[in-house]
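S.K.: Structure in structure tokens, see below.
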Amino acid sequence: MTASMAAERPPGTDSGPLQIGTAGGVRTLTLNRPGSYNALNLELKGALLSALTEAAAQESVRAVVISGAGGAFCAGQDLNEHLQLVQSGDPRVATTVRDFYNVAVPVIVGMRKPVIAAVNGAAAGAGAGLAYACDLRVAARSANFSMAFAGVGLSADSGASFTLPRLVGAGRAARLMLLGERVDADEALRIGLVDEVVDDDELTSRVATLAATLADGPTLAYAAIKSSLHFASTNSLEATLDFEERTQAALFAGNDHHEAIAAFAEKRPARFTGT
């Protein structure tokens with residue numbers, strides 16, 4: 001089944017490793033291997049990369065939500081499958097970072113629409129890395145985060161070396177990676193790993209409300225905001241000011257900006273079209 005076929009179904013109806021649903025411009029991607037804590041095996045990685053790429057390309061998709069089925073968000077790399085690949089000498093062991101994480105994370109970060117991680121349970125290793133790459137992270141109170149790489153004799157991947165220090169600072173990022181300490185939801189909120197914590201039974205409705213708000217918003221401006229933040233993270237103040245000037249000049253001519261100022265003058269809600 002292709003991602004396009006799955007996207008036509010309501011959320012929760014797919015039996016494969018990834019559930020895909022769309023409602024009101026919001027594309028929801030649910031990692032669906034609950035028996036393995038939604039660990040990333042080859043099949044799930046392929047499905048997720050295809051679904052992310054499709055969501056990024058479709059103009060009708062105005063916001064994306066990533067979550068997990070069952071009691072976990074994502075346990076990271078499927079170590080059972082990884083062991084089998086290592087023991088058999090499968091060359092995909094050496095290429096999985098390049099072929100999946102190094103492609104999927106830039107798709108999330110560079111997607112010209114907001115991406116929300118709805119962290120419903122444990123997020124470990126690359127599973128946490130996927131959440132850190134999203135624009136917003138809303139966690140259930142039972143969620144927890146851990147950088148599990150060192151515990152299996154590995155360094156970080158999934159962009160965590162880039163995203164984690166920008167969320168919590170270099171010193172705390174080093175501690176989390178070196179010691180692999182588990183961080184619960186309330187501590188994650190305190191140190192900046194997540195933006196919001198809600199009770200477990202409120203996570204779905206809260207994220208749906210947040211995603212719907214973003215999907216109804218000025219998605220062209222959201223894309224520019226994401227680009228500006230990413231540009232500023234690796235460039236000087238002077239270069240960033242120039243980037244902002246060029247970005248604003250383009251947005252000044254956009255329909256959404258004209259609609260917003262007209263709505264302000266007419267004292268009515270703006271109707272954004274993402275153009």
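The values are calculated or read from the model by the stated rules, or taken from the named source; none is laboratory data. Since the structure is predicted, the reported quantities are computational estimates derived from the model, not experimental observations. Every residue, glycine among them, receives a Cβ derived from its backbone with ideal geometry; neighbour counts consider all protein chains shown. The accessibility values were calculated without ligands, DNA or RNA, using every heavy atom of the protein model including side chains. Shrake-Rupley method; radii C 1.70, N 1.55, O 1.52, S 1.80 Å.
S.K.: Select, from Ala72, Ala39, the only residue that is in contact with a Cys (Cβ under 8 Å, 6 or more places away or on another chain) and either modelled with pLDDT of 95 or more or among the aromatic types (Phe, Trp, Tyr) (or both). Before you say what the answer is, go through the steps one by one.
M.R.: Details: Ala72 fails: in contact with a Cys (Cβ under 8 Å, 6 or more places away or on another chain).
So the residue among Ala72, Ala39 that is in contact with a Cys (Cβ under 8 Å, 6 or more places away or on another chain) and either modelled with pLDDT of 95 or more or among the aromatic types (Phe, Trp, Tyr) (or both) is Ala39.
S.K.: Collect the residues in the range 180-195 that are without any contact (Cβ under 8 Å) to a residue 40 or more places away in the chain, touching a helix residue (DSSP H, G or I) at 6+ places or on another chain (Cβ under 8 Å) and either under 19 Å from Leu79 (Cβ atoms) or not charged (D, E, K, R) (or both), keeping them in residue-number order.
M.R.: Gly180, Val183, Ile191, Gly192, listed by residue number.
S.K.: Mind listing just one residue for me: the one in the range 262-275 that is over 29 Å from the mean Cα position of the chain (by Cα) and surrounded by 11 or more Cβ atoms within 10 Å (Cβ to Cβ) and, of those, modelled with the lowest pLDDT?
M.R.: Residue satisfying both the conditions and the ranking: Ala263.
S.K.: If you don't mind, another one. Residues in the range 129-181 that are of a type in the set (Ser, Thr, Tyr), open to solvent by 50 Å² or more (accessible area, probe 1.4 Å) and not in a helix (DSSP H, G or I): how many?
M.R.: Total meeting the criteria: 2.
S.K.: Determine which single condition Thr30 fails, assuming it passes every other condition in (1) part of a strand (DSSP E or B); (2) open to solvent by less than 10 Å² (accessible area, probe 1.4 Å).
M.R.: Unmet for Thr30, out of (1) part of a strand (DSSP E or B); (2) open to solvent by less than 10 Å² (accessible area, probe 1.4 Å): (2).
S.K.: Here's something else I'd like to know. Go through the residues of the range 251-259 one by one and say whether even a single one is exposed (fewer than 14 other Cβ atoms within 10 Å of the Cβ), out of contact with any Leu (no Cβ under 9 Å at 6 or more places or on another chain) and within 28 Å of Ala143 (Cα to Cα).
M.R.: no
S.K.: Which pairs do you get when a residue that is open to solvent by 30 Å² or more (accessible area, probe 1.4 Å), found in the range 211-239, comes within reach of a residue that is in a helix (DSSP H, G or I) and among the aromatic types (Phe, Trp, Tyr), reach meaning Cβ atoms under 6 angstrom, with the pair 6+ apart or on two chains?
M.R.: As it stands, the answer is Phe231/Phe243, since those pairs meet every condition given.
S.K.: While we're looking at this one, here's another question. Could you tell me which numbered condition Leu52 fails, if it satisfies all but one of (1) in contact (Cβ under 8 Å) with a residue 60 or more places away in the chain; (2) of a type in the set (A, V, I, L, M, F, W, C); (3) surrounded by 21 or more Cβ atoms within 10 Å (Cβ to Cβ)?
M.R.: Of everything listed in (1) in contact (Cβ under 8 Å) with a residue 60 or more places away in the chain; (2) of a type in the set (A, V, I, L, M, F, W, C); (3) surrounded by 21 or more Cβ atoms within 10 Å (Cβ to Cβ), Leu52 misses just condition (1).
S.K.: Across the range 193-226, what is the total count of residues that are polar (S, T, N, Q) and either at pLDDT below 95 or in a loop (DSSP other than H, G, I, E, B) (or both)?
M.R.: Final tally of qualifying residues: 1.
S.K.: Also, I was wondering about something else. Taking interchain pairs and intrachain pairs at least six residues apart, which have beta carbon atoms under 6 angstrom, with the first residue in the range 61-79 and surrounded by 24 or more Cβ atoms within 10 Å (Cβ to Cβ) and the second charged (D, E, K, R) and not in a loop (DSSP other than H, G, I, E, B)?
M.R.: Val64/Arg27
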